[in-house]
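Okay, structure first, notes after.
The values are calculated or read from the model by the stated rules, or taken from the named source; none is laboratory data. Computed from a predicted model, the values in this text were never measured in an experiment. Virtual Cβ from ideal backbone geometry, glycine too; neighbours counted across all protein chains shown.
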Amino acid sequence: MTYDLNDAQPQMSGELIPDGTFAKVAMHIRKGGVDGAGEADRQLLKASNQPGSDVLSLDAEFTVLEGAYARRKFWQSFTISGGKVDDQGQSIGWKISKAAFRAMIDSALGLKPDDMSEEAKAKRLLRGLSDLDGISFVAKIAVEPARSSAYRDQNRLAHVVVPTAPEWQKVMNGEAVAAAPDAKPRPAAKTETAKPAWANATPTAPTPPAWNQTARADATQQPALTPSPAPQPAAAAKPGPAWLNG
């Protein structure tokens with residue numbers, strides 16, 4: 001089978017979407033292999049990779065749909081269960097995620113947050129979290145500074161823009177909206193702590209006892225044996241095309 005790469009799209013640049021950008025995005029759920037609470041959410045959630053953590057999360061991929069940053073992507077996880085709890089024993093992370101999911105529905109359907117009519121309430125009912133897959137809404141995108149110099153900054157969902165915000169209607173109409181970065185201090189990158197001078201000193205070898213010095217001197221007078229060269233194994237053929245193996 002041959003592959004025609006002439007119609008492939010150009011590579012995306014590694015530049016981040018500017019902090020505070022307003023855009024219409026679509027959310028796609030990346031299944032994590034862990035069952036959720038209902039049949040609709042089988043294999044939907046993702047377990048934490050932190051030892052001892054009981055957090056289950058929703059792994060989301062966001063794609064900008066329109067404007068100067070169309071087709072650009074960023075990723076974010078939403079806690080569904082586990083982690084720190086409040087005074088009532090409820091997961092704090094889930095409460096934050098639940099608020100974001102409701103805002104996504106309000107933004108997608110043009111519902112005002114204070115609309116508690118029966119019709120609006122019915123639209124906020126989900127058969128499962130999998131119903132959120134493919135939802136499109138207006139978002140404010142942030143740049144999250146890296147916590148360590150070993151990592152890069154990344155885009156995150158700052159918050160969902162609901163219909164009561166002035167930017168919502170402008171984005172829905174296809175108008176350009178000026179970015180509004182949040183003023184927040186950048187955390188200091190973690191660096192290795194310098195070692196004290198005594199830790200950098202090169203240890204000296206202990207002097208052997210007198211009874212061992214004679215034996216060591218005799219050993220140095222013995223002719224050194226030259227080992228036979230080991231046979232070289234035949235070079236294994238590298239798989240794949242020549243250009244792949246350099």
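If the condition is being free of Cβ contacts under 8 Å to residues at least 24 places away in the same chain and within 21 Å of residue 96 (Cβ to Cβ), then region 127-164 contributes only 144. Hey, can you tell me all the residues within region 37-68 that are part of a loop (DSSP other than H, G, I, E, B), crowded, with 19+ Cβ neighbours inside 10 Å and touching a residue at least 40 places away in the same chain (Cβ under 8 Å)? Of everything in region 37-68, just one residue is part of a loop (DSSP other than H, G, I, E, B), crowded, with 19+ Cβ neighbours inside 10 Å and touching a residue at least 40 places away in the same chain (Cβ under 8 Å), namely 44.
In the set (1) within 19 Å of residue 143 (Cβ to Cβ); (2) assigned to a loop (DSSP other than H, G, I, E, B), residue 6 fails one condition alone, (1). Set side by side, the residues 126, 111 differ, and just one is surrounded by 16 or more Cβ atoms within 10 Å (Cβ to Cβ) and either under 20 Å from residue 45 (Cα atoms) or not basic (Lys, Arg) (or both), which is 111. All conditions but one from (1) within 17 Å of the chain's Cα centre (by Cα); (2) modelled with pLDDT of 95 or more; (3) surrounded by fewer than 14 Cβ atoms within 10 Å (Cβ to Cβ) apply to residue 33; the one that does not is (1).
Once region 77-108 is narrowed to residues that are of a type in the set (S, T, N, Q) and surrounded by 16 or more Cβ atoms within 10 Å (Cβ to Cβ), the residue that is farthest from the chain's Cα centre (by Cα) is 107.
Each row is one residue, and each column tells you yes or no for (1) within 15 Å of residue 135 (Cβ to Cβ); (2) touching a helix residue (DSSP H, G or I) at 6+ places or on another chain (Cβ under 8 Å).
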| site | (1), (2) |
| --- | --- |
| 8 | no, no |
| 25 | yes, no |
| 36 | no, yes |
| 51 | no, no |
| 83 | no, yes |
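For region 72-83, a tally of residues being in a loop (DSSP other than H, G, I, E, B) and touching a residue at least 60 places away in the same chain (Cβ under 8 Å) returns 1. When residue 107 is tested against (1) farther than 22 Å from residue 163 by Cβ; (2) in contact with a helix residue (DSSP H, G or I) (Cβ under 7 Å, 6 or more places away or on another chain); (3) not acidic (Asp, Glu), exactly one condition is not met: (1).
Those residues that are in contact with a Ser or Thr (Cβ under 8 Å, 6 or more places away or on another chain) and either in a strand (DSSP E or B) or surrounded by fewer than 16 Cβ atoms within 10 Å (Cβ to Cβ) (or both), I need them from region 140-168; list them, please. Answer for region 140-168, where residues must be in contact with a Ser or Thr (Cβ under 8 Å, 6 or more places away or on another chain) and either in a strand (DSSP E or B) or surrounded by fewer than 16 Cβ atoms within 10 Å (Cβ to Cβ) (or both): 140, 141, 149, 160, 161. Go over the candidates 120, 47 one by one and state the one that is within 29 Å of residue 21 (Cβ to Cβ) and of a type outside the set (Phe, Trp, Tyr). Just a single option satisfies the conditions, and that option is 120.
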